[in-house]
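The block underneath contains the structure these notes are about, expressed in structure tokens.
Nothing in this text is a laboratory measurement; each read-out follows from the coordinates by a stated rule. This one's a predicted model, so the numbers in the text were calculated from it and none came from an experiment. Note: ideal-geometry Cβ built from the backbone for every residue, glycine included; neighbour counts use all protein chains shown.
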């Protein structure tokens, strides 16, 4: 369909007549009135994060689902052209890219803080209660980890893929000849997710940081989480495991049935086998690209397919058991000694879904 350029021109003239230096537009419309948004590369894996994945030669390594390895300076990977622009035409063009300036700008400070956290060096055969430790968690750090995690979650290509699939389904249901959504429609559905995720993470949930000395984590254009691509469906039962550094991963847990409020943050040192399992899960959720520092991953079949896939119900027996331990750890013992609540919310959910599958006649 051709645009009515005359109408567009008249509307632009009318808008200009309403706004001037002496009569500025309302603050809330400041980003809306830009007539021409410049083409930009919007990073879902920001440069300020990729800098911490550099090898000694200051290059970042990435491997594609077809096995091709590329090495480039930080910032060369993890971008989508105009991903956060909504180009509606004329004064209705808008963008939400600036909302990521704060989390991207504080990435180095955040990484420095992560390195101040301590995790016990305990044999992995010991009980989880001995391997987990409580960490100091000031309000400012809770808000910071929420901003950074929410920004990476809201921008990840796997979330954009969820939006694409959902909008394509509904557009097909109403009979559109071409139901595939364009970037503008995906961005319109994506724009409120950062604030929704951030607010939930700031006010509730248990955080954990996993450290590795023996094997490096990998990152990708997808990672395990069960957050919806909608700001209207957030609630309990959430979980997220995000490799943030080659030596650290962030975990967020908001289990059904709750968790001890204190400590708000715990740490755990994971072994080589545990890191390998977490890396394999990343390959399930990623589609096109994996990042690594020194240890090139062996590509799994579920990654070479080149699709965003996911675990059934986002559940994994070993990982959900670990999330139970991390979320139910407490300091309720005599003199503040460590303890573990008996509730196993994530593991119980696995059994609950198995029962539902059996009732529905599905696979066990």
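Below, the figures for the structure above:
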{"item": "Length gained when the stretch residue 185-residue 64 is fully extended (0.36 nm per residue, less Cα-Cα span)", "result": "40.9 nm"}
{"item": "Exposure proxy order (Cβ contacts within 10 Å, fewest to most) of 253, 340, 88", "result": "88, 340, 253"}
{"item": "Within the chain, helix-based [θ] at 222 nm, where runs of 4 or more DSSP H residues each add -39,500 (n - 2.57), nearest 500", "result": "-11000 deg cm²/dmol"}
{"item": "Mean-position separation - Cα centroids, segment 229-300 and segment 106-159, in angstrom", "result": "11 Å"}
{"item": "Most to least packed among 272-279, 217-224 [average Cβ atoms within 10 Å]", "result": "217-224, 272-279"}
{"item": "Value of relative contact order over the chain, rounded to a whole percent, pairs C-alpha under 8 Å and six or more apart", "result": "17 percent"}
{"item": "Rounded tilt (10° steps) of 272-285 against the dominant C-alpha axis of the chain", "result": "30 degrees"}
{"item": "Cα gyration tensor category, rounded, prolate or oblate, for segment 249-364 with a/c compared to 1.5", "result": "oblate"}
{"item": "Angle between the chain longest axis and helix 139-155 axis [Cα atoms, degrees, rounded to 10]", "result": "60 degrees"}
{"item": "Simple label model, 7 Å out from Cα along Cβ direction - residue 359 to residue 272, nm", "result": "4.5 nm"}
{"item": "Selected from 96, 252, 211 as most flexible by GNM, with the chain as the system and alpha-carbon contacts under 10 Å", "result": "96"}
{"item": "Label-point separation in nm, residue 115 to residue 38, each point 7 Å along Cα→Cβ", "result": "3.3 nm"}
{"item": "Order of 329, 313, 285 - criterion: other Cβ atoms within 10 Å of each residue's Cβ, fewest first", "result": "313, 285, 329"}
{"item": "Residue order, fewest to most beta carbons within 10 Å, for 261, 86", "result": "261, 86"}
{"item": "Rounded to 10°, Cα long-axis angle of helix 157-173 versus longest principal axis of the chain", "result": "60 degrees"}
{"item": "Most mobile listed residue (182, 348, 324) in the chain, GNM with C-alpha springs under 10 Å", "result": "182"}
{"item": "Relative contact order computed over segment 151-278 (Cα-Cα under 8 Å; 6+ residues apart), in percent", "result": "28 percent"}
{"item": "Net length gained if the chain between residue 165 and residue 177 were fully extended (0.36 nm per residue, minus Cα distance)", "result": "2.7 nm"}
{"item": "Approximate spin-label separation residue 301-residue 256, in nm, with each point projected 7 Å along Cα-to-Cβ", "result": "3.2 nm"}
{"item": "Structure-derived P(r) over Cα pairs in 20 Å bins from 0, in percent: which label, when the choices are [x] 26, 54, 18, 2; [y] 17, 25, 22, 21, 9, 5, 1; [z] 27, 58, 14, 1", "result": "[x]"}
{"item": "Segment 305-364, relative contact order [Cα under 8 Å, separation at least 6], %", "result": "26 percent"}
